[in-house]
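Data first, discussion second: the structure below is written as structure tokens.
The values are calculated or read from the model by the stated rules, or taken from the named source; none is laboratory data. Not measured: the values here are computed from a predicted model. Counting neighbours? That spans all protein chains shown, and the Cβs are built from the backbone with ideal geometry, glycine included.
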Amino acid sequence: MLSKSFFRTLAAALALAACAVVASAQVTSVSGKVILKQADGTEVPVSGAVIDIYRTDIKQQFQVKTNRQGAYVHAGLPFVGTYTLVVSAPGARPSFVSGLRFTQVQTQDFTLDPGDGSKLTLEQVRQVEAAGGGAAAGGGAPPAESKEARAARAELEKKVAEVSEKNKKIEEGNAVVSRTFKAGNEALTAGRIDEAITLYNEGLAARPDEPALLANLAEAQRRRGVERYNAAIKAADANAKTQGIEAAKKDWSDSAANSLKAIESAKANAGTDPQQQQIYAQNKLSALSVRVQAMRLVATKVDQTQAQAAWAAYQEYMAAEADPTKKAKSRAESLQMLFDAGAIDLAVAEGRKLLAEDPDNVDANRILGLALFASGDKEQYQEAANFLQRYVDKAPDTDPLKSSAKESLDYLKTAENVKPDKSQPARPARRRP
């Protein structure tokens, strides 16, 4: 997901104190012109060239730009100190001059050669100087470059160009991701799911590991799968029904895969910055939430062998979720998923664990009762009846699952002659050795 950092530093008293120091100190200025020597040998003034002024005896930095005539001036510089000037401009090779003391020189002109418009940092300037290249102090002519210095400068310029190109791609990617994320969310909210999926995929083509885009794509695919499945089961034509169900299954599988990519990307790119970590933690939680819903459908509608993987996805989500209501809902939902996926033994084991903590949990009583009944083991029918009866007693009449639980309980009573034991609260019984 894209982030914005807002840094505010307001200290009026300190600002006033700083102004008082500047006003009382001796100051000077630096000025000059920046011209570009074109390929045909003509020279033209450079408008908008950036002159970065670094004070190197202590850490200070200033900046000024040239006007339409290629001229610049920066007043208010401390009179003492040693300075490095670095100039850059679109379509030009960057240049610099170092070792300046404004007690000696206040004018510094630059003649630039054509180039890629890249910029030099102060650290890069120092690397060039260490290799024996660069401009002379005081604005004099630069010394003749040695072969080694020329090679070092060429290598540095190559690295600067690579960084500039990388930054350009990042900026372009940011614009694409921001646009498609916003437009995709608007389409998804409006129910235009195909459009949302197209937009999210466009954004991911620019940045394949963006967790927010991956998570939202996964959610859109999950929803489309639901729509396709519901339409398919109502279809009169057998081929349309089959094709619709298969398309839904593919959407759910893709949703599970993309939500997993979102989780992995959020984990890998969290970094060390606290604000960045918080953003990626939110992305991760969103992706985990989408994944459990996708995996529930995969395990129950696509491939029942994925029940264990779906259960693990639920555990990871619940470990990250701070909201107790959502955690409780997910725990009950995960039990239902196990039962629906035919993972009866695991549903029984996890249902017992939950009831050991919360004997009155209506969902756990219902699912454990149904799972014991579905096991086909008649030795467990008594337990099944006990749990189902407790569920029926506790569940509100508005519970849509209550009637089906009653049917199972009635079957146990009539067909199997198993009567719920009400003398003791229903609880997990000790298994026979």
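For this structure, a couple of remarks:
- Some residue of the stretch 284-302 being surrounded by fewer than 16 Cβ atoms within 10 Å (Cβ to Cβ) and of a type outside the set (A, V, I, L, M, F, W, C): no
- Filter pass, GLY191 being without any contact (Cβ under 8 Å) to a residue 40 or more places away in the chain, outside any helix (DSSP H, G or I) and within 23 Å of ALA256 (Cα to Cα): yes
- Check on ASN361, crowded, with 22+ Cβ neighbours inside 10 Å and at pLDDT below 95: no
- Close pairs (8 angstrom Cβ cut-off, 6 or more residues apart or separate chains): in contact (Cβ under 8 Å) with a residue 12 or more places away in the chain in the stretch 328-344, part of a helix (DSSP H, G or I) and of a type in the set (Asp, Glu) anywhere: ALA332/ASP363; SER334/GLU350; LEU335/GLU350; LEU335/ASP363; GLN336/ASP363; LEU338/GLU350
- Qualifying residue in the stretch 395-416 (condition: more than 51 Å from the chain's Cα centre (by Cα), of a type outside the set (S, T, N, Q), within 15 Å of PRO359 (Cα to Cα) and modelled with pLDDT under 95): no
- Some residue of the stretch 235-243 being free of Cβ contacts under 8 Å to residues at least 24 places away in the same chain, among the polar types (S, T, N, Q) and either surrounded by fewer than 12 Cβ atoms within 10 Å (Cβ to Cβ) or within 28 Å of ILE279 (Cα to Cα) (or both): yes
- Consider the stretch 185-226 and keep the residues that are among the acidic types (Asp, Glu) and surrounded by 16 or more Cβ atoms within 10 Å (Cβ to Cβ). The one that is farthest from the chain's Cα centre (by Cα) is GLU195.
- Within the stretch 244-267, the residues that satisfy the criterion of being surrounded by fewer than 21 Cβ atoms within 10 Å (Cβ to Cβ), closer than 13 Å to ALA294 by Cβ and either modelled with pLDDT under 95 or among the hydrophobic types (A, V, I, L, M, F, W, C) (or both) are ALA257, LEU260.
- Any hit, the stretch 295-306, residues being assigned to a helix (DSSP H, G or I) and in contact with a Ser or Thr (Cβ under 7 Å, 6 or more places away or on another chain): yes
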